[in-house]
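Remarks on the structure that follows.
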Amino acid sequence: MSSPNTLENVLYEKKGAIAYVTLNRPKVLNALNRRTWEDLRTAFEDARDDAAVRGVILTGAGDKAFIAGADINELARVTAIEAEEASSFGQAVLNLIENLGKPVIAAVNGFALGGGCETAMACTLRIAAEHAKFGQPEVALGIIPGGGGTQRLPRLVGKAGRCS
């Protein structure tokens, strides 16, 4: 397991009682690949285990994207079994964020699509820039959101009621 000092795709710093976690892949709109999920897990485990940290702010580098979803280049090379394993790993990281025991604020500064939208939904609170865009575009391709979005979204916004 990595330490917070060996993170490749995530910047992690603590200022006072706040931990700042920044996905740092702006050239690919902070897309989620396996290494990024691992870095997120490492950062959030450190924040969880550090009694001095009272809350976390999660954001994406640059002003175009919070997280624009899965890294399509990585997805194109995996088998169905590897894709299922990756989805389960991502779900575990999102469960860690959701159940951290400390507030996690998603500072959404652009696209929050697919896994990015699911990551924002796993946070305690979402604050969005005016140009932020949320979505689950994978459903248009017949793909189920892999990070628990089908469960988190109705919990956050409620189920549709009947029209009168």
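The values are calculated or read from the model by the stated rules, or taken from the named source; none is laboratory data. Just so we're clear, the structure is a prediction, and the values are computed from it rather than from any experiment. Virtual Cβ from ideal backbone geometry, glycine too; neighbours counted across all protein chains shown. Calculation scope for accessible area: heavy atoms of the full protein, side chains included, ligands and nucleic acids excluded. Shrake-Rupley method; radii C 1.70, N 1.55, O 1.52, S 1.80 Å.
Would you pick out the residues in segment 19-34 that are in a helix (DSSP H, G or I) and either under 18 Å from Phe111 (Cβ atoms) or touching a strand residue (DSSP E or B) at 6+ places or on another chain (Cβ under 9 Å) (or both)?
Our first condition is that a residue be in a helix (DSSP H, G or I); within segment 19-34, this holds for 26-28, 34.
Pro26, Lys27, Val28, listed by residue number.
Please verify whether Ile67 is touching a Leu at 6+ places or on another chain (Cβ under 9 Å) and either within 23 Å of Lys27 (Cα to Cα) or at pLDDT 95 or above (or both), treating the condition exactly as stated. Here the answer is yes, as Ile67 does meet what is asked.
Return the residues of segment 1-59 that are among the β-branched types (Val, Ile, Thr) and more than 22 Å from Ile127 (Cβ to Cβ); say none if nothing qualifies. Selection gives Thr6, Val28, Thr42.
Checked across segment 115-129, the condition of being more than 30 Å from Ala51 (Cα to Cα), at pLDDT 95 or above and in contact with a Phe, Trp or Tyr (Cβ under 7 Å, 6 or more places away or on another chain) holds for no residue. Count of segment 96-114 residues, restricted to those that are modelled with pLDDT under 95 and more than 18 Å from Ala31 (Cβ to Cβ), is 0.
Does Phe44 satisfy the condition of being part of a strand (DSSP E or B), at pLDDT 95 or above and open to solvent by less than 30 Å² (accessible area, probe 1.4 Å)? So Phe44 fails the test.
The single condition among (1) within 17 Å of the chain's Cα centre (by Cα); (2) closer than 23 Å to Ala128 by Cα that Glu45 does not meet is (2).
If you go through segment 120-134 and keep only what is surrounded by fewer than 16 Cβ atoms within 10 Å (Cβ to Cβ), outside any strand (DSSP E or B) and either in contact with a strand residue (DSSP E or B) (Cβ under 8 Å, 6 or more places away or on another chain) or in contact (Cβ under 8 Å) with a residue 12 or more places away in the chain (or both), you end up with Thr124, Ala129, His131. Residues of segment 63-112 that are over 19 Å from Leu125 (Cα atoms), open to solvent by 70 Å² or more (accessible area, probe 1.4 Å), outside any helix (DSSP H, G or I) and out of contact with any strand residue (DSSP E or B) (no Cβ under 8 Å at 6 or more places or on another chain): Asp63, Ala76, Arg77, Thr79. So which of Glu74, Glu84, Glu130 is closer than 18 Å to Asn24 by Cβ and over 16 Å from the mean Cα position of the chain (by Cα)? Going through Glu74, Glu84, Glu130 in turn, just one is closer than 18 Å to Asn24 by Cβ and over 16 Å from the mean Cα position of the chain (by Cα): Glu74. Within segment 1-60, no residue satisfies the criterion of being free of Cβ contacts under 8 Å to residues at least 24 places away in the same chain and in contact with a Cys (Cβ under 9 Å, 6 or more places away or on another chain).
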